[in-house]
Each structure stands twice: as C-alpha cells, then as structure tokens.
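> Would you mind keeping the following structure in view while I ask a few things?
Read the figures in this text as sums done on the coordinates, not as results from a lab. None of these values were measured; they are calculated from a predicted model. Heads up, the Cβs are rebuilt from the backbone with ideal geometry, glycines too, and the neighbour counts pull from every protein chain shown.
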Amino acid sequence: MSTDFQKKKAEEAQQQKIRWMTWEREEIEAEARSKQFDAYWERRETDDVNGWRDKDLANAIDKASRAGYTGPHGNFSVPVEIKIDLDALYHQVTVGDYDGNTVVRCAEQWKALKGMSRIDAQRAYIRVTNKMLSRYGWNPPEGWH
C-alpha cells in the first residue's frame, strides 16, 4: 500500500509541477504581450502627435503664403526679415542642416539653425507663423467667409 500511496503522491506532485510550469509560462507570455501592447500604443501616440504637427505645419505654410492683410481696414505687409526667417525654418524642416546652397536668400539664417531637429524646426515655424499672423493678419482664400 505504501507504494500505491507513493505513486499517488508522485503523480500529484507531477501534476502540481505541470500546473506551476504552465502558470510560469503563461505569466511570461502575458508580460511579453503587455510590453508589445505598450510599445504599440507608444508608437501610435508618437505617430499621432507627428501627424498632427505635420498638418499644423502644412496649415501654417498655407497661411504664411497669404500673410499680410490688405483690404478696407488697412495695409499690413510682413517685413522681409520675418519671411526670410520662415524660409530658413522651412529649409531646416524639409532639407535639414544647411547644405551649402548659396542661391537661397535665407542662407545665413539657415546656417544659424544648424543642429536644430526637424520637430523643433516645425514647432518654431508654426510659432513664428502664428505670431506673424496675429500681428500682420492674412488674406483668406477666395470664397472664404
């Protein structure tokens, strides 16, 4: 009888060991899924933020092209220095650091932006454009009310 008892205990111990190993494996898999889930949402949040910044930049570029109100309430033209600064920021966003192009009118200002990241240049472009539009206004497109 003691051998039957020992066999039964050995089988129970084996079952407990299998349950424990299954639990450990499932725990490791759950942690891996959790890390993948967190990484996915982190990537998605970054992509969303970058997407919105890109849209804001496109909107700022569009409005900057029409900056300076001219109409029945006055004539407010944007100073050339601000336009050149915006050109330099635009080149920093689209090209990166100064590439030696001396044809562009913003070459000196663009050189000064060396090392500025694309994201920082986008933010600066949007900030300068918003400031410029607040100060000098803009001419909306035809049919815009």
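> State, as an integer percentage, the relative contact order of segment 1-126 based on alpha-carbon contacts under 8 Å between residues 6 or more apart.
Rounded, it is 20 percent for segment 1-126.
> Once Lys and Arg get +1 and Asp and Glu get -1 on their Cβ, which of 95, 77, 67 lies farthest toward the positive end of the dipole of segment 46-113?
The one lying farthest along the dipole's positive direction is 77.
> Further question: Place a +1 charge on the Cβ of each Lys and Arg in the chain and a -1 charge on the Cβ of each Asp and Glu, then give the dipole magnitude about the Cα centre in debye, rounded to the nearest 20. Provide the component values of the computation, followed by the final result.
Values: 23 positive and 24 negative charges, 47 e Å.
Using only the charged Cβ atoms, the result is roughly 220 debye.
> To test your reading of the geometry: what angle, between 0 and 90 degrees and rounded to tens, separates the Cα axis of helix 118-136 from the longest principal axis of the chain?
40 degrees
> Would you please calculate the Kirkwood hydrodynamic radius of the chain over all C-alpha pairs and express it in Å, rounded to one decimal? List each step's numbers first, then the result.
Numbers: mean 1/r = 0.0491 Å⁻¹.
Kirkwood hydrodynamic radius for the chain: 20.4 Å.
> List the lysines whose Cα lies under 21 Å from the Cα of residue 111, skipping any in the same chain that are fewer than 8 positions away.
Once the sequence-local lysines are set aside, what remains near residue 111 is 83.
> In addition: I want the local charge near residue 53. Using Cβ-Cβ distances under 14 Å, sum +1 for each Lys or Arg and -1 for each Asp or Glu among the other residues.
Charge balance near residue 53 sits at -2.
> Please give the peptides 130-143, 69-82, 89-102 ranked by average Cβ packing (other Cβ atoms within 10 Å per residue), highest first, as a rough proxy for protection.
89-102, 130-143, 69-82
> Tell me the mean residue ellipticity at 222 nm calculated for the chain from its helices only (DSSP H runs of n ≥ 4, each -39500 (n - 2.57), averaged over every residue, nearest 500).
-25500 deg cm²/dmol, from helical runs alone.
> Could you compute the net charge surrounding residue 23? Neighbours are other residues with a C-beta less than 15 Å from the C-beta of residue 23; K and R count +1, D and E count -1.
It works out to a net charge of -2.
> Using the Cα centre as the reference, give the magnitude of the dipole from point charges on the C-beta atoms of segment 79-145 (Lys, Arg: +1; Asp, Glu: -1; all else neutral), rounded to the nearest 20 debye. Walk me through the intermediate numbers first.
On the way: 9 positive and 8 negative charges, 42 e Å.
Dipole of segment 79-145, to the nearest 20 debye: 200 debye.
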